[in-house]
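Peer 1: Pasting a structure below so you can have a look.
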Amino acid sequence: MGLWSNFKANRELAEARRDVARARSPYSIAQFIDKCIELGRLDQAFEDAERGIQEFPESESLQEAYKRMIRAKCADDLKAYRDEIRTSPGPKAYYRLACLYKEMRDLDQAVELARKGMEDYPNYEGNYIVLADLRYERFQRDLRASDGLEATQLFEKAVDLNGENYRLLFQLAEIYRAIGARDHAIAKVKMILNFAPDDRNALNLLSQLKSAKAPKSNDLKEILQDFERRAAAGNFRKQGQLSARYVANPGQLERKLPSLDRMPGFQRVVVLGPHGELLAAHPGGAQSNRNEADTLKKMFAAAIDCSLRMDISTFEKGLFESEVGFTYLVVADSLQIAVLSNNKVKKEKLRQDVHRFVEHELYI
Amino acid sequence: MVVTKDGVVVAESLGPDLRKEVVAAVSSHMIQVSARSLEDLGRGTLERVALTSAHGRMVFVNLDVGYLVVITKMEMKLGQVLIEVESAARKIKQLHSRI
């Protein structure tokens with residue numbers, strides 16, 4: 001890069017950074033990351049993406065920007081690993097490529113490759129671990145017993161193949177502890193102590209486990225089902241930044257809603273809290289939208305339930321089209337946001353405007 | 001899958017991970033709740049629903065005689081999915097009108 005183009009790129013970046021400083025939101029940070037990618041400043045993009053995701057872990061804009069950044073950053077590795085599979089396939093080649101796709105958040109590809117690696121080379125533990133990690137990630141998000149069971153079965157299979165993988169055993173012990181399967185966790189820690197008898201972390205974990213309450217049953221399926229029941233009762237979910245802010249102060253939320261009036265075709269917006277409680281609505285305010293809120297609550301519940309039962313994980317958004325117009329439901333950081341519009345607006349425009357409202361207006 | 005509002009399967013072609021009875025029951029519930037809710041909100045008849053979740057998408061299209069239900073992976077772009085689904089829905093409607 002020449003001096004002049006370098007100077008120009010620096011100036012553009014400084015301008016983009018000022019925009020973020022003026023109104024810091026997931027949306028503005030994502031735009032900055034895209035600018036860095038466009039200018040080939042991938043290290044800068046990486047740094048800001050990592051920081052942004054830590055600050056706004058639930059943000060869709062940032063997750064997407066992170067994906068774009070990691071894809072740009074790993075383009076060479078991707079090509080090299082793909083070539084390796086074509087020219088000299090082996091268990092580690094599948095493992096490496098699956099891990100890369102996992103890092104790029106292209107989860108369908110990651111699963112497909114790890115599965116292929118597992119089928120072709122069943123005695124290599126790496127591909128079981130990739131699949132187990134992905135399933136466990138999903139379990140952490142959706143808190144469904146079936147995901148937890150599948151993840152632990154895959155981890156156990158990897159342990160069967162290599163009983164001295166410290167990281168794996170420790171991770172599995174931590175998972176068992178988190179779901180309340182104390183005895184399963186103790187068994188894994190003891191496996192670590194067989195080959196590393198003085199390991200301080202393992203000894204600490206063992207003493208914590210021994211002092212913990214024993215579960216009612218030792219059957220993993222039952223333990224996980226009990227965990228799922230407690231999760232459904234809301235015992236484990238952490239409240240995110242947005243829902244914490246607006247559940248505590250719905251008035252502040254209500255003051256933000258009129259900004260949607262600028263949206264073409266806008267008719268109504270209703271926002272529900274994490275448990276379906278009505279927080280704010282516009283126009284007319286919360287009280288005069290009570291009936292609409294009750295109906296929209298049922299729609300959200302059906303969409304959330306449908307997504308989980310169809311094994312496509314947590315519901316994020318849904319566009320319902322009818323004769324009169326669009327009903328757009330979005331879940332953002334446990335807030336349930338319903339935007340109603342007429343059918344004069346283009347669907348893509350509706351999606352973009354609502355996305356910007358959620359990822360920018362609500363955060364600033 | 002083509003399913004009636006009551007959950008009766010008319011035709012299906014599902015991937016190995018999906019069970020026909022489960023898809024039919026869940027879809028029927030989703031369709032009934034959505035259709036009733038839209039009517040309660042004064043928004044008329046349900047024509048189409050596109051759901052996006054963390055690991056996949058679901059599209060429901062009203063065929064008048066039932067609903068076309070499509071489940072896809074996340075890697076497919078929504079626009080691309082909707083074009084394919086609309087085209088399939090049109091063909092099914094034409095087929096039905098000939099019977």
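The values are calculated or read from the model by the stated rules, or taken from the named source; none is laboratory data. Quick caveat: nothing in here was measured; it's all calculated off a predicted structure. Using ideal geometry, Cβ is built from the backbone for each residue, glycine included, and neighbour counts are taken over all protein chains shown.
Peer 1: It is to be established whether one or more residues within the range A:266-273 are closer than 18 Å to A:E361 by Cα, buried (at least 19 other Cβ atoms within 10 Å of the Cβ), among the basic types (K, R) and more than 8 Å from every other protein chain (Cβ to nearest Cβ).
Peer 2: Yes; the residues of the range A:266-273 include at least one that is closer than 18 Å to A:E361 by Cα, buried (at least 19 other Cβ atoms within 10 Å of the Cβ), among the basic types (K, R) and more than 8 Å from every other protein chain (Cβ to nearest Cβ).
Peer 1: Say we look at the range A:327-364 and pick out the residues that are of a type in the set (S, T, Y) and more than 20 Å from the chain's Cα centre (by Cα); which of these is farthest from A:S243 (Cα to Cα)? Working first, answer last.
Peer 2: Here is the first cut: in the range A:327-364, the ones of a type in the set (S, T, Y) are A:327-328, A:334, A:341, A:363.
Subset that is more than 20 Å from the chain's Cα centre (by Cα): A:327-328, A:341.
On the way: A:T327: 22, A:Y328: 19, A:S341: 24 Å.
Restricting to residues being of a type in the set (S, T, Y) and more than 20 Å from the chain's Cα centre (by Cα), the top hit is A:S341.
Peer 1: Sort out which residues of the range A:287-326 are under 22 Å from the mean Cα position of the chain (by Cα) and either outside any helix (DSSP H, G or I) or not assigned by TED's automatic domain parsing to the domain that holds A:V354 (or both), and write them in order of number.
Peer 2: A:M310, A:D311, A:I312, A:S313, A:T314, A:F315, A:E316, A:K317, A:G318, A:L319
Peer 1: Also, quick follow-up: Give all pairs with beta carbons closer than 6 Å in which a residue from the range B:37-61 that is facing chain A (nearest Cβ under 7 Å) meets a residue that is aromatic (F, W, Y) and part of a strand (DSSP E or B); count only pairs at least 6 apart in sequence or on separate chains.
Peer 2: Going by the 6 Å Cβ cut-off, the qualifying pairs are B:V49/A:F320; B:V49/B:F60; B:S53/A:F315.
Peer 1: Need pairs with beta-carbon distance below 8 Å; first residue in the same structural domain as A:G325 (by TED's automatic domain parsing) and at pLDDT below 95 and within the range A:245-274, second in a helix (DSSP H, G or I) and polar (S, T, N, Q); sequence gap 6+ or separate chains.
Peer 2: A:R245/A:Q252; A:Y246/A:Q252; A:G273/A:S243; A:P274/A:S243
Peer 1: Taking the range B:71-83 as the region of interest, how many residues are assigned to a loop (DSSP other than H, G, I, E, B) and basic (K, R)?
Peer 2: Applying the first criterion (assigned to a loop (DSSP other than H, G, I, E, B)) to the range B:71-83 yields B:74-77.
Now drop any that are not basic (K, R), which leaves B:77.
Residues flagged as assigned to a loop (DSSP other than H, G, I, E, B) and basic (K, R) within the range B:71-83 amount to 1.
Peer 1: Go through (1) within 14 Å of another protein chain (Cβ to nearest Cβ); (2) modelled with pLDDT of 95 or more; (3) closer than 28 Å to A:Q140 by Cα and name the single condition A:S341 misses.
Peer 2: A:S341 satisfies every listed condition except (3).
Peer 1: Quick check on this structure: which one of A:Y166, A:Y128 is of a type in the set (S, T, Y), buried (at least 22 other Cβ atoms within 10 Å of the Cβ) and either modelled with pLDDT of 90 or more or touching a helix residue (DSSP H, G or I) at 6+ places or on another chain (Cβ under 9 Å) (or both)? Let's see the steps before the verdict.
Peer 2: Details: A:Y166 fails: buried (at least 22 other Cβ atoms within 10 Å of the Cβ).
Result: A:Y128 is the single residue among A:Y166, A:Y128 that is of a type in the set (S, T, Y), buried (at least 22 other Cβ atoms within 10 Å of the Cβ) and either modelled with pLDDT of 90 or more or touching a helix residue (DSSP H, G or I) at 6+ places or on another chain (Cβ under 9 Å) (or both).
Peer 1: So A:G284 clears everything in (1) assigned to a strand (DSSP E or B); (2) farther than 22 Å from B:L78 by Cβ except one condition, right? Which one?
Peer 2: (1)
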